[in-house]
Every structure is written in structure tokens, then in C-alpha cells.
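Data block below; observations after.
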């Protein structure tokens with residue numbers, strides 16, 4: 001699979017919002033596997049002091065191509081927009 005359709009999740013061990021975010025993304029990955037494929041890369045910010053400084057109280061953060069898609073909570077509308085981009089390469093709408 002191409003690395004092009006990769007979501008990066010910045011998380012922290014023991015963070016219940018992070019666990020919920022990863023679970024939601026995995027559910028969406030299974031749900032849409034026939035129509036669009038994407039990778040989920042999970043990065044623990046506590047392994048990198050720069051990431052701790054940048055995202056300390058904002059985890060989880062979900063990014064695609066260096067743009068924040070959403071943070072703290074799974075956002076179904078933003079995720080649908082991202083899937084549309086994966087499928088049709090239409091521009092991503094900016095997060096509100």
C-alpha cells in the first residue's frame with residue numbers, strides 16, 4: 001500500500017481519548033476497506049521531547065500530510081472529507 005494514504009495519530013500511553021481515537025480509526029479502516037485503503041501510524045509523543053512540547057495537552061492529534069485533521073475527539077464529518085480525498089483526490093476542507 002502506498003504511504004500516500006497515511007494518517008498519523010499522536011497519542012500518549014494511558015490516555016483514554018487516545019484509545020478511543022485509535023479504536024474509531026481502526027473501525028473506519030475495517031468499514032471502508034473495500035472502497036479505500038489507508039494506513040494508521042501511531043506515535044507516542046512521550047518517546048520524543050519535541051513532540052511532548054508540541055502536543056503535550058492536545059493528544060490525540062490526527063494528521064494527514066502535515067495537516068491536523070482533528071484532535072481530542074473523532075470527528076465523523078472531517079473523516080468523511082478525508083476519505084473523499086483518499087478516493088478522489090479532491091481538496092481537503094480546512095478544519096474549523
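The values are calculated or read from the model by the stated rules, or taken from the named source; none is laboratory data. The shown structure was predicted, so the numbers you read here are calculated from the model rather than taken from an experiment. Reconstructed Cβ throughout: ideal geometry from the backbone, glycine too, with neighbour counts over all protein chains shown.
Brief remarks follow.
- Residue match in segment 53-65 (condition: under 11 Å from the mean Cα position of the chain (by Cα), under 19 Å from residue 86 (Cα atoms) and surrounded by fewer than 17 Cβ atoms within 10 Å (Cβ to Cβ)): yes
- Residue within segment 31-38 that is in contact (Cβ under 8 Å) with a residue 12 or more places away in the chain, closer than 16 Å to residue 81 by Cα, touching a helix residue (DSSP H, G or I) at 6+ places or on another chain (Cβ under 8 Å) and surrounded by fewer than 11 Cβ atoms within 10 Å (Cβ to Cβ) present: yes
- Scope segment 75-96; condition part of a loop (DSSP other than H, G, I, E, B), modelled with pLDDT under 80 and surrounded by 10 or more Cβ atoms within 10 Å (Cβ to Cβ); matching residues: 90, 92, 93, 95
- Residue ID - modelled with the highest pLDDT, chosen from residues in segment 1-30 that are more than 13 Å from residue 72 (Cα to Cα) and loosely packed, with under 10 Cβ neighbours inside 10 Å: 14
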